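Here the structure comes first, spelled out in structure tokens, and everything after it is commentary.
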Amino acid sequence: MEWFNRVNQFFEFQNTPEIQKVSLASYHLEGEANKWWQWIRRTFQEEGRVLSWINFEGELWARFGPSKCEDYDEALSRIR
């Protein structure tokens with residue numbers, strides 16, 4: 001969530017055009033996220049689909065976002 005907030009703040013501040021958002025954000029992915037990016041990019045290319053920023057956000061969130069069964073109240077209660 002924090003990563004998405006920071007990226008969107010940067011895009012807003014820089015007035016980044018939609019067409020540049022995916023390549024700019026993906027450039028900053030590291031480790032497992034970069035491996036995922038290589039796979040998703042190849043998949044979209046092979047299917048002849050364009051990976052828009054909206055699609056990129058959705059796919060990234062689905063892969064690395066919290067699961068629907070994660071209990072935030074429980075997690076907060078364990079913080080010391």
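The values are calculated or read from the model by the stated rules, or taken from the named source; none is laboratory data. None of the values given here were measured: they were computed from a predicted structure. Methodologically, a virtual Cβ is constructed for each residue, glycine included, from the backbone with ideal geometry; neighbour enumeration extends over all protein chains shown.
Restricting the search to segment 5-45, which residues are of a type in the set (D, E, K, R), assigned to a helix (DSSP H, G or I) and within 22 Å of Arg63 (Cα to Cα)? Once the filter is applied, which keeps residues that are of a type in the set (D, E, K, R), assigned to a helix (DSSP H, G or I) and within 22 Å of Arg63 (Cα to Cα), segment 5-45 yields Arg6, Glu18, Lys21, Glu32, Lys35, Arg41, Arg42. When Glu59, Glu47, Glu18 are checked against the criterion of being of a type outside the set (Val, Ile, Thr), within 16 Å of Trp3 (Cβ to Cβ) and either surrounded by 13 or more Cβ atoms within 10 Å (Cβ to Cβ) or at pLDDT 90 or above (or both), a single residue qualifies: Glu59.
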